[in-house]
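Below you'll find the structure, written out as structure tokens, and then a few comments.
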Amino acid sequence: MRNQKGFTLIEMMIVLLVISVLLIITVPNIASHNNNINKKGCEGYIKLVEAQVQAYKMDKKVTPTFQQLNDEKYLKSPDAACPDGTKIEILSDGTVQKSAS
């Protein structure tokens, strides 16, 4: 046989073992941060809605509903919920908060 170059089975298994260990370490770490990411996303969405409520109030002189914000193109979606599904509401003074229900 000629001198053939390539990886042996043992070398390939070692590489797969290293990749597996890295995945075992990384995946749970990413999953544990999911809750924190959703919380920050909801806080950001609430601030966005508050800013759009203030802009609407300056233009129309009334506190809007989510439907009014959507109809007037202040928001893209009429959903009264954060990206993670948490319901939010616009109060009469124009502030936005998570719903109690």
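List of remarks:
- Mean residue ellipticity at 222 nm, helices only, the chain: -19500 deg cm²/dmol; runs of at least 4 DSSP H residues each add -39,500 (n - 2.57), and the sum is divided by the number of residues.
- Percent RCO, i.e. relative contact order, over the chain, from Cα pairs under 8 Å lying at least 6 residues apart: 22
- Restricting the chain to chymotrypsin sites (Phe, Trp or Tyr not before Pro) in coil, as DSSP defines it, with at most 12 other Cβ within 10 Å: 7
- Of the trypsin sites (Lys or Arg not before Pro) found in the stretch 14-101, the ones in coil according to DSSP and having at most 14 other Cβ atoms within 10 Å of their Cβ are 61, 73, 76.
- Under 18 Å between alpha carbons - lysine pairs in the chain that sit 8 or more apart or on different chains: 16
- For the chain, the Kirkwood hydrodynamic radius comes to 17.5 Å, computed from all pairs of different C-alpha atoms.
- For the chain, the longest principal axis of the Cα atoms and the long axis of helix 9-32 meet at an angle of about 20 degrees.
FYI, it's all coordinate maths here, none of it is from the lab. It should be emphasised that the depicted structure is a prediction, and the values quoted were computed from it without experimental measurement. Here Cβ is always computed from backbone atoms with ideal geometry, including for glycine, and neighbour counts include all displayed protein chains.
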